[in-house]
1. Quick one: what are the phi-derived ³J(HN,Hα) couplings along region B:99-107, Karplus 6.51/-1.76/1.60 with θ = phi - 60°, whole Hz, x for glycine and proline?
2. Using Cα positions and a limit of under 30 Å, work out the lysines in reach of A:Lys69, with same-chain residues fewer than 8 apart set aside.
3. Can you give the translational diffusion coefficient of chain B in µm²/s, computed by Stokes-Einstein from the Kirkwood radius over Cα pairs at 20 °C and 1.002 mPa s?
4. Work out, step by step, the length gained on full extension between A:Asn38 and A:Ala78: first 0.36 nm times the residue separation, then minus their alpha carbon distance; give nm to one decimal.
5. So how far apart, in nm, are the two label points at A:Asp7 and B:Ala5 if each is 7 Å from Cα heading toward Cβ?
6. Output ³J(HN,Hα) for region A:28-43: one whole-Hz value per residue in order, computed from phi by the Karplus curve 6.51 cos²θ - 1.76 cosθ + 1.60 with θ = phi - 60°, and x for Gly and Pro.
7. In the P(r) worked out for chain A, what percent of Cα pairs fall beyond 25 Å?
8. What nm distance separates the two modelled labels at A:Glu53 and B:Ala20, each placed 7 Å from Cα along Cα→Cβ?
Amino acid sequence: SQQGEEDPQALSIQEGENATMNCSYKTSINNLQWYRQNSGRGLVHLILIRSNEREKHSGRLRVTLDTSKKSSSLLITASRAADTASYFCATGPNSGGSNYKLTFGKGTLLTVNP
Amino acid sequence: EAGVAQSPRYKIIEKRQSVAFWCNPISGHATLYWYQQILGQGPKLLIQFQNNGVVDDSQLPKDRFSAERLKGVDSTLKIQPAKLEDSAVYLCASSTYGGELFFGEGSRLTVL
């Protein structure tokens with residue numbers, strides 16, 4: 001079963017607008033990561049936020065984490081057509097040991113119209 | 001720094017045939033993952049290696065799928081015999097322990 005669930009499933013905006021995607025998860029986590037996947041390509045890591053962090057920035061990206069609500073959001077500001085892609089959240093479990101397994105959600109398909 | 005290499009990029013086979021995918025991870029990355037991504041869905045972990053040992057293969061259909069990682073570097077994923085529902089993109093990724101994953105471009109399998 002998949003741990004993270006992104007919302008919405010699809011989002012269409014105009015260039016220059018902000019895009020917000022949400023991720024909810026079920027069990028306690030060590031960290032939460034966001035990835036981008038352009039059509040027909042592999043996934044690319046965007047940002048990692050640890051369970052003891054509440055907000056993190058990277059360029060036009062802002063990620064928040066609310067562990068009490070088991071949710072995270074990814075904000076892309078001033079979107080560009082090149083931001084068109086699927087965005088996935090992935091959670092790393094809080095359990096220790098060698099079995100560090102990253103579980104992905106189903107993704108949000110973002111379309112930025114020029 | 002070279003990325004994760006995968007081959008072939010595309011493969012079309014008929015059901016009941018066999019297929020093998022190859023992955024070369026980033027040098028020094030001890031952890032290697034094979035994910036299956038069906039169209040419109042997120043990646044599903046099939047198997048995870050730590051060096052050349054398997055640490056998780058709970059979602060690998062072991063009656064038809066097998067994977068190995070020789071000498072803790074390259075890895076191969078084999079499907080024999082293939083079914084129609086195996087049509088998907090097979091993604092290989094590598095990482096240092098607990099770090100971000102670096103993905104290859106994937107191998108797209110079509111089973112007819």
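1. x, 5, 8, 10, 9, x, 6, x, 10
2. Output for A:Lys69: A:Lys26, A:Lys56, A:Lys101, A:Lys106, B:Lys44.
3. On the way: Rh = 13.8 Å.
For the chosen part, D equals 155 µm²/s.
4. Here the answer is 12.5 nm.
5. Using points 7 Å along Cα→Cβ, the separation is 4.4 nm.
6. Once rounded to whole Hz, the list reads 5, 10, 8, 7, 10, 10, 10, 10, 10, 9, 6, 3, x, 10, x, 7.
7. The answer is 17 percent, as a whole percent.
8. Placing both labels 7 Å beyond Cα along the Cβ direction yields 4.1 nm.
Any read-out appearing in this document is the output of simple, stated calculations on the displayed coordinates, not a laboratory observation. Because the structure is predicted, anything quoted here is derived from the model rather than measured. Reconstructed Cβ throughout: ideal geometry from the backbone, glycine too, with neighbour counts over all protein chains shown.
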